[in-house]
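Okay, structure first, notes after.
The values are calculated or read from the model by the stated rules, or taken from the named source; none is laboratory data. Computed from a predicted model, the values in this text were never measured in an experiment. FYI the Cβ positions are ideal-geometry reconstructions off the backbone, even for glycines, and counts take in every protein chain you see. When the accessible area is computed, the model is the full protein with side chains, heavy atoms only, and any ligands, DNA or RNA have been set aside. Shrake-Rupley method; radii C 1.70, N 1.55, O 1.52, S 1.80 Å.
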Amino acid sequence: MLTRRHFCTGAATFAALVSVSTSIAAAPLRPSFDTDARGLAARARDARIRFGAATANYQLKDKAFRAAFLQDAALIVPEYEMKRSAMEKTRGQIDFEPCDDLLAFARANNMAMRGHTLLWHRANPDWLEEAVLTTRDETLITDYVTKVTTHYRGKLTSLDVVNEVIAPPDGRKDGLRNSFWLKAFGPSYIDMAYHAARAAAPDMMLVYNDWGCEQGAPENDRFRAATLNFLEGALARGVPIDAYGMQGHLSAFGTQIDAYKLRKFCDAITAMGLKLIITEHDVDDSGGSSDLDVRDRAVADASARFLDVVLDCKALDTVLTWGLSNKFIDAPGWKARLSGYWPRKLPRDSNMAKTQMWHAMAKTFAHHAAN
């Protein structure tokens, strides 16, 4: 599944985005539901959870977006600034400044911040994969994890240590992705990363982050089984994973969630003693109607049905969307643009008005606050 987060993983893309960073201290309802000026964060707080969103320094330079973000979010996650391609372009030289700028913004505005992500098969600097496969040097994992985690010790609510290692289509019995990390070190690379992070920050919530467990198709069944098997095995080995990050990338017109299957999966996460964080929620509205109202309703409905299940989960700690405004979504292909299509998958539109998804989320938070 290709998400817009996966789309922007080239080193050149990240370099361009980070270079602009300078220091900056359930049916959807119509907008008539919005009877007060409170943002999503306040409404989520009523439901005893925290709401936030991914953002980047360049987005926060937009005054209208910044105002909307401050109204809606209580938590920031870096969209680009903590990926390794942004932080370690040159081997051994870690650039904390762009991510520190986001942290400074969060602190100046009484917001929290979480970290994303330390170890991934994507979004790496050009030199890394060859170095890993050539030298099989474990310090390429442990030194980086230690330095970044130490730098942000006591400053983040949680940290995605390892990202997206499950890939049943790769054909391994253990369900692991056949990444360059796995080819170099075998499955032990995952354990190394978590133990290094725990040693550097004993009190930080360490998260395993992935997608594929939300929807109801047979391939999602395989993904859920592989994920639970992975987490059970890791915990049995003493790997210090504290939470499962469910990304929450949904489809408005494609495969839908199966509430029963999703609820069972959430129950299994809870039974392991793990926290649950919805880390990257959005709704892909491609492939459906050309009618904008139909698309907006479908996006809102998919979000509400998903949140209605996960908000019932006792382990749920936080909900984040992957972005807040459609203004900054990656452009679709030229054919889609010529046909007038532009993604409408987040709580705010390109003009920062509240979308039907925003109102559906607010209604769902209110329902769970009252129960």
Ranked output for segments 87-98, 144-155 by mean other Cβ atoms within 10 Å, highest leading, reads 144-155, 87-98
In Å², rounded to a whole number, the accessible area per residue of the chain with probe 1.4 Å is 39 Å²
Ignoring ligands and nucleic acids, Arg107 exposes an accessible area, probe 1.4 Å, in Å² to the nearest 10, of 140 Å²
Any residue on another chain or 5+ positions along whose placed amide H is under 5 Å from the amide H of Leu250 is listed here as Asp282, Val283, Asp284
Rounded to a whole %, the carbon-and-sulfur portion of the accessible area of the chain at a 1.4 Å probe is 51 percent
Once Ser303, Ser339 are ranked on solvent-accessible area with the largest value leading and a 1.4 Å probe, the list reads Ser339, Ser303
Sorting Arg84, Arg263 on solvent-accessible surface, 1.4 Å probe, most exposed first, gives Arg263, Arg84
The equivalent-ellipsoid semi-axes of the chain, taken as the square roots of five times the Cα gyration tensor eigenvalues and listed largest first in whole Å, are 31, 24, 21
Log entry: pair-distance distribution for segment 30-161, C-alpha pairs binned every 10 Å from zero, whole % per bin is 11, 38, 28, 15, 6, 1, 0
Binned at 5 Å from zero, the C-alpha pair distances of segment 149-243 give percents of 2, 13, 23, 23, 18, 12, 6, 2, 0
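R0 = 22 Å: FRET efficiency of Lys61 with Thr90, Cβ-based, nearest 0.05?
Approximately 0.25, to the nearest 0.05.
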Hydrodynamic calc, segment 224-359: Kirkwood Rh from Cα pairs, then Stokes-Einstein at 4 °C with viscosity 1.567 mPa s, so D in µm² s⁻¹ is 80 µm²/s
In whole angstrom, the spacing between the Cα centers of segment 136-160 and segment 297-322 equals 30 Å
Per 5 angstrom bin, beginning at 0 and ending with the bin that holds the maximum distance, the Cα pairs of segment 209-269 fall in percents of 4, 18, 29, 25, 13, 7, 3, 1, 0
Computed on Cα atoms, the radius of gyration and Dmax of segment 134-182 in angstrom are 14.1, 39
